[in-house]
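The values are calculated or read from the model by the stated rules, or taken from the named source; none is laboratory data. Everything numeric in this text was worked out from a predicted model, so none of it was measured. Using ideal geometry, Cβ is built from the backbone for each residue, glycine included, and neighbour counts are taken over all protein chains shown. Ligands, DNA and RNA are excluded from the accessible area calculation, which covers all protein heavy atoms including side chains. Shrake-Rupley method; radii C 1.70, N 1.55, O 1.52, S 1.80 Å.
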Amino acid sequence: EDDWCLVMNKPAGMAVHPSRPGQRGTLDEAAVRHCLATGQDAPVRHIHRLDDDTSGPVLYAKNDLAQWRLDGAMREKAINRQYLALVNGVPQRPGGTIDAPIGRDRHHGSRRRVSLSGETAITHYETRVAGDDAALVRVTLDTGRTHQIRVHFSHIGHPLLGDTLYGAPAESSLRHQALHGERLIFPHPWTGKDTVVGCPLPGWFAGLSQRHGIVTK
């Protein structure tokens with residue numbers, strides 16, 4: 001955190017912003033409460049979002065100029081978000097690019113699917129550690145479609161652990177997909193220099209890794 005921006009570490013299960021009137025307990029509310037508790041009269045606003053059940057860093061602007069510049073950086077794809085995911089099975093290729101358009105699933109309101117009529121979606125991945133029946137992969141995105149990582153890995157036959165919406169078996173200790181934002185890289189809104197913010201692995205992610213024979217540092 002500085003006078004220009006703030007990065008919040010969002011836990012899985014928390015929404016970034018309200019989806020209905022009067023919704024409480026969002027990350028936006030936590031950011032405002034933090035500013036009030038520290039005596040800052042800052043119009044704090046999120047620059048990007050994460051799915052409710054994805055943990056990791058979320059970037060906030062603390063003044064109008066910062067928001068304008070960071071919004072511009074998002075449009076120019078100058079903000080890099082790196083993720084770690086635990087997937088079912090081990091991908092045959094140790095790394096690669098999934099280039100498959102994503103659209104709504106007309107049979108299921110909350111699902112997305114690969115569709116020729118969908119929007120362009122490009123996901124890059126590399127397998128970091130192969131376990132007994134799962135793998136740890138690092139993921140970066142060229143686009144930011146809803147559920148993009150989840151849809152793409154399901155499409156290639158390796159849905160994220162715990163992601164029953166996209167075909168993974170249920171995990172007794174997990175009620176959401178195994179996806180975590182590992183690192184956020186963005187141009188500082190005042191200096192323009194790359195700012196790198198790492199986000200530690202949550203306990204549930206490390207525990208699930210070990211249960212599938214994946215050792216993470």
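Note that segment 7-23 has calculated 3J(HN,Hα) couplings of 10, 9, 8, 7, x, 5, x, 10, 7, 6, 9, x, 10, 8, x, x, 5 Hz, one per residue in order, obtained from phi through the Karplus relation 6.51 cos²θ - 1.76 cosθ + 1.60 (θ = phi - 60°); glycine and proline are x.
Could you tell me the ratio Rg/Rh of segment 69-112? Both radii from Cα atoms, Rh via Kirkwood.
Values: Rg = 15.6 Å, Rh = 14.4 Å.
Reported Rg/Rh, Kirkwood definition of Rh: 1.08.
When Lys and Arg each count +1 and Asp and Glu each count -1, what net charge do the other residues less than 15 Å away from Gly56, Cβ to Cβ, add up to? Kindly include the intermediate steps, with their values, before the conclusion.
Details: positive: Lys10, Arg49, Arg81, Arg138, Arg150, Arg183; negative: Asp51, Asp52, Asp53, Glu182.
Net charge around Gly56: +2.
Only lysine pairs 8 or more places apart or on separate chains count here, and in the chain those with Cα atoms under 21 Å apart total 5. In a shell of Cβ-Cβ distance under 12 Å around Pro43, excluding Pro43 itself, what net charge do Lys and Arg (+1) and Asp and Glu (-1) give? Here the charged neighbours net out to -1. Considering every Cα-Cα pair within the chain, what fraction, in whole percent, is farther apart than 24 Å? When every Cα pair of the chain is considered, 45 percent fall beyond 24 Å.
Positive contributions from Lys and Arg (+1) and negative ones from Asp and Glu (-1), summed over other residues with Cβ under 10 Å from the Cβ of Arg81, come out at 0. Three semi-axes describe the equivalent ellipsoid of segment 1-97; taken as square roots of 5 times the Cα gyration tensor eigenvalues and ordered largest first, they are 28, 18, 11 Å.
State in Å² the accessible area per residue of segment 1-113; use a 1.4 Å probe, count heavy atoms of protein chains only, and round to the nearest integer.
Working: 6280 Å² over 113 residues.
Ligands and nucleic acids excluded, the figure is 56 Å² per residue.
If you stretched the chain out fully between Thr216 and Arg175, how much longer would it get, using 0.36 nm times the residue separation minus the C-alpha to C-alpha distance? Could the numbers behind the result be given before it?
Details: separation 41, 0.36 × 41 = 14.76 nm, distance 2.10 nm.
Full extension of this stretch gives 12.7 nm more.
Fully extending the segment from Lys77 to Gln92 would add 2.5 nm, taking 0.36 nm per residue of separation and subtracting the current Cα-Cα distance.
For segment 88-98, backbone phi angles converted through the Karplus equation (6.51, -1.76, 1.60; θ = phi - 60°) give residue-by-residue couplings of 5, x, 10, x, 4, 8, x, x, x, 10, 9 Hz, Gly and Pro being listed as x. Annotation: segment 114-164 has a Kirkwood hydrodynamic radius of 11.9 angstrom, from the mean reciprocal C-alpha pair distance. Given the options His107, His17, His152, which has the most mean-square fluctuation in a GNM of the chain, springs set between C-alpha atoms less than 10 angstrom apart? Its mean-square fluctuation being the largest, the pick is His107. Quick one: which residues, 5 or more positions from Ala100 or on another chain, have an amide H under 5 Å from its amide H? H modelled 1.01 Å from N in the peptide plane, none for Pro or chain starts. Hits under the 5 Å cutoff: Ala121, Thr123.
Among the protein heavy atoms of the chain, carbon and sulfur supply 48% of the accessible surface, probe 1.4 Å, non-protein parts ignored. Solvent-accessible surface of segment 144-217, averaged per residue with a 1.4 angstrom probe and all protein chains in place: 48 square angstrom.
As a calculated quantity, the FRET efficiency between Thr191 and His17 at R0 = 25 Å, using C-beta atoms, amounts to about 0.35.
Here the relative contact order of segment 24-172, from alpha carbon pairs under 8 Å that lie six or more residues apart, stands at 18 percent. Computed over segment 32-147, the P(r) curve from all C-alpha pair distances, binned at 5 Å from the origin, holds 2, 10, 14, 16, 18, 15, 11, 7, 5, 2, 0 percent per bin.
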